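See below for the structure under consideration.
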Amino acid sequence: MKKACAYFAVAMLLTAIFVSDSVSQTRIRFVRGRTSASVSGYLAGNEIRKFLLSARGGQTLSANVSSGNGCVKFLGGDDSTTASFTTIRGDNEVGIINDCRRRTNYTLTVSIY
């Protein structure tokens, strides 16, 4: 049983490594003096994209994502098109996924205050 669990753990770790390598990352930069930024693009069916934002620790990051067909959601499994969390100092990550099979356009708006 322990051997099977060890094999399973190794398989999951390798899967996570390969999946994380294939996920596209985009850095969002705020225009000087602005507290929000928008990014538009498209995602292929079932594609994941991650966005990095630099922030000071303790700020509030609020984000909204929209798509014409409602297929693009934030990663996390709750089918949400809004997200909010307290930032850490340095890079903070926001991930989105296209839950549908077809390519779709999206707009992501992020605010930090």
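Every read-out reported here was derived from the displayed coordinates using simple, explicitly stated rules and does not represent laboratory data. Everything numeric in this text was worked out from a predicted model, so none of it was measured. Counting neighbours? That spans all protein chains shown, and the Cβs are built from the backbone with ideal geometry, glycine included.
For labels at THR26 and LEU75 in the simple 7 Å Cα→Cβ model, what's the distance in nm?
1.5
Nearest 20 debye, what's the magnitude of the dipole of region 21-113 about its Cα centre given +1 on Lys and Arg Cβ and -1 on Asp and Glu Cβ?
380
Would you work out which of ASN64, ILE88, TYR113 lies farthest towards the positive end of the dipole of region 56-113, given +1 charges on the beta-carbon of Lys and Arg and -1 on that of Asp and Glu, about the Cα centre?
ASN64
How much net charge surrounds ASP79 when only other residues with a Cβ under 14 Å from its Cβ are counted (Lys, Arg +1; Asp, Glu -1)?
Surrounding charge for ASP79 is -1.
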